[in-house]
Amino acid sequence: SDDDGKPVSFFVKSSSRSCDEMFKGEALGLQAMYACSRYMPDDQTEKGNSLRIPKVFHYGDYSSGSNGSFLIMEYLNLAGRSDDYALGQAMARMHLAPPSDKAGNPNSSFGFNVDNTIGGTPQPNPWTKPNSGTKEWVEFFKTHRIGHQLNLAGDSYCSKLWDRDIAPRLELLFEDLMGEGKEIQPSLLHGDLWSGNIGSADGMPSVFDPAVYWGHHEAEWGVSCCLAFRDFSDHDLQMMLLL
């Protein structure tokens, strides 16, 4: 049964590859999203919209002598997208959840427990120092997001332009987010949010196929803005200010 005592159907994924290769990153990401999607601000009296994330029950390699691995999670009867307001509010609730041991981030850092992939592209997620703020986010984004992607692209012109003219000035974009009470705080991100990874279940917005990490909440909308799919990002920003 689930946390409310209702019967649960299982969804099982299996692979001939090891759990570390296939399912560990997905399982840890879903567990973190499950924990953060249930966050309730202290001053919030009504539950409001939250994400419907499947609960992970178990994952690992098959017993000795057998090759392969598995992931057992809650089965969700997925349907089409809910309205953008509900999705934006639900994403904001997850973004506002503070780093915690239960969510896999006891030190309030940027990064994640394991490296993962965004689509088929490797995504490095080394942890920054404990109690990270704006300076650590800028360095993480510079090195492990944009810099990493440029290295994979192998475009010497773009890499030189980045290294020479853009990366050294990146901190200037965040000058108003430095200092006591203004620092960027780690938010749990889905990491690959576009229309193909959004649906609904049980009348609630649901997101899936994540590339989870802890980062600046506005980084969530990079993919969706590139694809001109941005209405719910405005609702997220509004709810981040209100919740």
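Its alpha carbons considered, the chain gives a radius of gyration followed by a Dmax of 18.6, 58 Å. Defining a contact as two alpha carbons under 8 Å apart and six or more residues distant in sequence, what relative contact order in percent does the chain show? The value is 24 percent.
The mean of 1/r over all distinct Cα pairs in segment 11-141, once inverted, gives the Kirkwood hydrodynamic radius of 16.7 Å. Within the same chain, lysines fewer than 8 places from LYS129 are excluded, and of the rest, those with a Cα less than 20 Å from its Cα are LYS102, LYS142, LYS182.
Between the residues ALA92, ALA103, PHE141, the greatest Cα displacement towards the positive end of the dipole of segment 65-175, with unit charges on the Cβ of Lys, Arg, Asp and Glu, is found for PHE141.
Given Cβ point charges of +1 (Lys, Arg) and -1 (Asp, Glu) and nothing else, what value in debye, to the nearest 20, does the dipole of the chain about its Cα centre take?
Details: 20 positive and 33 negative charges, 95 e Å.
Value, rounded to 20: 460 debye.
A cut-off under 12 angstrom between Cβ atoms defines the neighbours of TRP162, and their net charge, with Lys, Arg +1 and Asp, Glu -1, is +2. Note that segment 209-216 has calculated 3J(HN,Hα) couplings of 6, x, 10, 5, 7, 9, x, 6 Hz, one per residue in order, obtained from phi through the Karplus relation 6.51 cos²θ - 1.76 cosθ + 1.60 (θ = phi - 60°); glycine and proline are x. Of the peptides 78-87, 115-124, the ranking by mean beta-carbon count within 10 Å, highest at the top, reads 78-87, 115-124.
Summarising the amide proton neighbourhood of MET204: residues at separation of 5 or more, or on other chains, whose placed amide H is nearer than 5 Å comprise an empty set.
With the Cα gyration tensor of segment 67-158 in hand, give its eigenvalues times 5 under a square root as the equivalent ellipsoid semi-axes, listed largest first in whole angstrom. Don't skip to the end; give the middle numbers.
Working: eigenvalues 144, 86, 65 Å².
For segment 67-158, the semi-axes come out at 27, 21, 18 Å.
Each 10 Å bin from 0 upward holds the following percent of the Cα-Cα pairs of segment 159-222: 18, 32, 31, 16, 4, 0.
For the listed peptides 151-159, 28-36, 195-203, a ranking on the average number of other beta carbons within 10 Å per residue, highest first, reads 28-36, 195-203, 151-159.
Each reported figure results from applying straightforward, stated rules to the coordinates on display, with no laboratory input. Keep in mind it's a predicted model, so treat the numbers as computed, not measured. As a convention, Cβ positions derive from the backbone with ideal geometry for all residues, glycine included, and neighbour counts pool all protein chains shown.
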